[in-house]
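A quick write-up on the structure given underneath.
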Amino acid sequence: MTSSEVKRIRTALGLTQSEFAKKLGVHLNTVVYWESGKTKRISNSNLSKLENSQEEVSNVIQKNITLEQQEKEQGILWEQREGQLLSIIESQQKTIEKLVNKLQ
């Protein structure tokens, strides 16, 4: 795992280096070294923790995609309902105009 991948995971989770270190159970300097490329090898246990965090990022992304899809669908439904309401209003306006014309 490269230093840029470590940083991408951390930033995707919206965590500071300190928060990310606490989450992984490592020292802050460890995260700083990983992201700066000063550490060339990451231990298997820490690599496993990073991979779990990467899975968490994937889950967050998938959840965001699902939410965006739901919002889009709701927006489409709203636009359809808005169109229906406008049609009803126009129809009622025409009916009112006809009644007013009859009364004159």
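Checked against the criteria, residue 50 counts as surrounded by 10 or more Cβ atoms within 10 Å (Cβ to Cβ), within 14 Å of residue 10 (Cβ to Cβ), in contact (Cβ under 8 Å) with a residue 12 or more places away in the chain and hydrophobic (A, V, I, L, M, F, W, C). Within the set of pairs 6 or more residues apart or between chains, which connect a residue that is closer than 14 Å to residue 48 by Cβ and assigned to a helix (DSSP H, G or I) inside the range 23-34 to a residue that is modelled with pLDDT under 95 and among the charged types (D, E, K, R) with Cβ atoms less than 7 Å apart? Final answer for the pair search is 24/49. Take the conditions (1) small (Gly, Ala, Ser); (2) surrounded by 14 or more Cβ atoms within 10 Å (Cβ to Cβ); (3) free of Cβ contacts under 8 Å to residues at least 24 places away in the same chain; residue 58 misses just one of them, which is (2).
Restricting attention to the range 23-40, the residues that are closer than 27 Å to residue 62 by Cα and surrounded by fewer than 14 Cβ atoms within 10 Å (Cβ to Cβ) total 1.
In the range 5-21, is there at least one residue being β-branched (Val, Ile, Thr), modelled with pLDDT of 85 or more, out of contact with any helix residue (DSSP H, G or I) (no Cβ under 8 Å at 6 or more places or on another chain) and part of a helix (DSSP H, G or I)? There is at least one residue in the range 5-21 that is β-branched (Val, Ile, Thr), modelled with pLDDT of 85 or more, out of contact with any helix residue (DSSP H, G or I) (no Cβ under 8 Å at 6 or more places or on another chain) and part of a helix (DSSP H, G or I). For the range 64-81, indicate whether the set of residues that are within 23 Å of the chain's Cα centre (by Cα), among the aliphatic types (A, V, I, L, M), at pLDDT below 80 and closer than 29 Å to residue 4 by Cβ is non-empty. Checked the range 64-81: at least one residue is within 23 Å of the chain's Cα centre (by Cα), among the aliphatic types (A, V, I, L, M), at pLDDT below 80 and closer than 29 Å to residue 4 by Cβ.
Could you tell me whether the range 87-102 includes any residue that is exposed (fewer than 10 other Cβ atoms within 10 Å of the Cβ), not in a helix (DSSP H, G or I) and not β-branched (Val, Ile, Thr)? No, the range 87-102 has no match at all. Of the residues making up the range 35-47, those that are in contact (Cβ under 8 Å) with a residue 24 or more places away in the chain and assigned to a helix (DSSP H, G or I) number 3.
The values are calculated or read from the model by the stated rules, or taken from the named source; none is laboratory data. Note that this is a predicted model, so its numbers are computed, not measured. Every residue, glycine as well, gets a Cβ built from its backbone with ideal geometry; the counts of neighbours run over all protein chains shown.
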